[in-house]
Amino acid sequence: MPAGTLYRGREGMWSWVAHRVTGVLVFFFLFVHVLDTALVRVSPEAYDDTIAVYKTPIVAFMEYGLVAAVLFHALNGLRVVAVDFWNKGARYQRQMLWTVVGVWAVLMAGAAYPVLGHAFRELFGS
Amino acid sequence: MAIETTQVTDTTYSPDNPAPVIEPPRARTGRTPRATRTNFELYGWLFMRLSGIVLVVLVLGHLLIQLVLDGGVSKVSFAFVAGRWASPFWQAWDLIMLWLAMLHGGNGLRTIINDYAERDTTRFWLKMLLYTATVFTVLLGTLVIFTFDPNIR
Ligand code: HEM
Ligand code: HEM
């Protein structure tokens with residue numbers, strides 16, 4: 001078993017899996033999202049009634065999940081670009097992955113109140 | 001890179017019993033179809049990276065506007081959209097985001113279908129489904145941006 005040189009089964013493989021899964025999720029969301037936005041061509045009521053779904057507490061948590069997926073995919077995508085185009089990219093791929101995870105965690109913490117605040121107010125009153 | 005080689009036990013190759021030739025993985029052989037002798041995959045690879053960099057700004061900016069600023073998702077309504085699409089700047093933003101995200105995501109899904117769908121017919125039909133959905137979505141979204149009418153009612 002070679003030590004430390006194998007990509008498979010290590011961080012590199014899991015970041016690739018996560019990149020793939022998040023990319024697919026965002027693509028499916030975008031398909032639905034263009035359909036819901038198209039309702040502006042039907043009537044203001046049709047659009048507003050559908051967008052009301054986006055404002056319910058359960059969907060707020062799904063939006064937080066969407067933000068999580070988009071943020072990871074975006075940050076890790078920049079890491080992939082760095083690995084491919086920066087001459088030291090491959091050497092620092094692991095450090096860059098933990099940087100991605102760190103920045104992702106900070107941004108997710110920052111997004112929690114703006115994205116979920118209204119859901120908590122609705123669920124627990126005030 | 002450490003590559004483990006399989007131990008072949010006691011097969012002695014000689015001029016009369018030559019070892020089998022292993023083609024380099026990307027070698028163009030007589031059997032490579034004409035249709036693949038282009039640089040399409042190279043351009044696709046480049047496009048994923050260039051569009052990705054632009055999408056960081058467009059999509060994260062969009063999420064910031066829609067979910068964080070000005071009361072978050074609670075403010076979104078027909079009137080809000082009408083206000084935004086009154087500006088050619090945001091129309092162009094959304095149009096470019098639509099095209100880049102759909103082509104980037106569509107090309108990404110093409111890769112994934114190629115990776116996992118092993119039967120030729122399954123792969124063909126999955127890609128047809130993907131291309132149809134992608135073209136439909138891009139055209140619908142474009143039409144909506146260009147024909148938006150704030151006074152529809
Ligand atoms: C839950 C989060 C989201 C909300 C609340 C939201 C909201 C909106 C709204 C209100 C519009 C109408 C035009 C405008 O105001 O700019 C719109 C359009 C659009 N959004 Fe989003 N968005 C979200 C996430 C996303 C994501 C993650 C993407 C990209 C992957 C995206 C891509 C688009 C595109 C391409 C359009 C133009 C659609 C068209 O041409 O008909 N949105 N969005
Ligand atoms: C926000 C900025 C984005 C960046 C920086 C980015 C970056 C990338 C990069 C560099 C790749 C190629 C990965 C590789 O070849 O190994 C990729 C793949 C992919 N992206 Fe994105 N992307 C972004 C947004 C999006 C969006 C909005 C979608 C969905 C509509 C999406 C869906 C995909 C898919 C499905 C793949 C294929 C994954 C795979 O083959 O494993 N990406 N992305």
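The values are calculated or read from the model by the stated rules, or taken from the named source; none is laboratory data. The model shown is predicted, which means the values in this text are computed figures rather than measured ones. We place every Cβ from the backbone using ideal geometry, glycine too, and count neighbours over all the protein chains shown. SASA here: full protein model, heavy atoms, side chains in, ligands and nucleic acids out. Shrake-Rupley method; radii C 1.70, N 1.55, O 1.52, S 1.80 Å.
Assorted remarks:
- Apportionment of accessible area to carbon and sulfur, the protein assembly as shown, percent (1.4 Å): 68 percent
- Residues of region B:41-56 whose accessible area (probe 1.4 Å, heavy atoms of protein chains only) drops by at least 30 Å² once all protein chains are present, relative to their chain alone: B:TRP45, B:ARG49, B:ILE53, B:VAL56.
- C-alpha long axis of helix A:44-54 to longest principal axis of chain A, angle in °: 50 degrees
- The lysines within cross-link reach of A:LYS55, meaning a Cα-to-Cα straight distance under 18 Å and a gap of 8 or more places when in the same chain, are B:LYS75.
- Helix axis angle, B:88-116 relative to chain B longest principal axis, alpha carbon, degrees: 30 degrees
- When the P(r) of chain B is calculated, the portion above 18 Å amounts to 75% of the C-alpha pairs.
- B versus A: buried accessible surface, summed, Å² (probe 1.4 Å, to nearest 100): 3500 Å²
- Cα extents of the protein assembly as shown along the three principal axes, largest first (Å): 86, 42, 32
- If you plug the beta carbon distance of A:PHE61 and B:LEU46 into 1/(1 + (r/R0)^6) with R0 = 41 Å, you get a FRET efficiency near 0.65.
- Seen against the Cα atoms of chain B and their longest principal axis, helix B:40-63 is set at about 30 degrees.
- Accessible area per residue for region B:42-147 is 54 Å², calculated with a 1.4 Å probe on protein heavy atoms, without ligands, DNA or RNA.
- The mean number of Cβ atoms from other chains found within 10 Å of a Cβ in peptide B:72-83 is 5, as a whole number.
- 222 nm mean residue ellipticity, helices alone, for the protein assembly as shown (DSSP H n ≥ 4; -39,500 (n - 2.57); rounded to 500): -24000 deg cm²/dmol
- Among B:ILE112, B:ILE22, B:ILE53, residue whose mean-square fluctuation peaks in a GNM of chain B (springs only between Cα atoms under 10 Å): B:ILE22
- Mean-position separation - Cα centroids, region B:42-99 and region A:96-126, in angstrom: 20 Å
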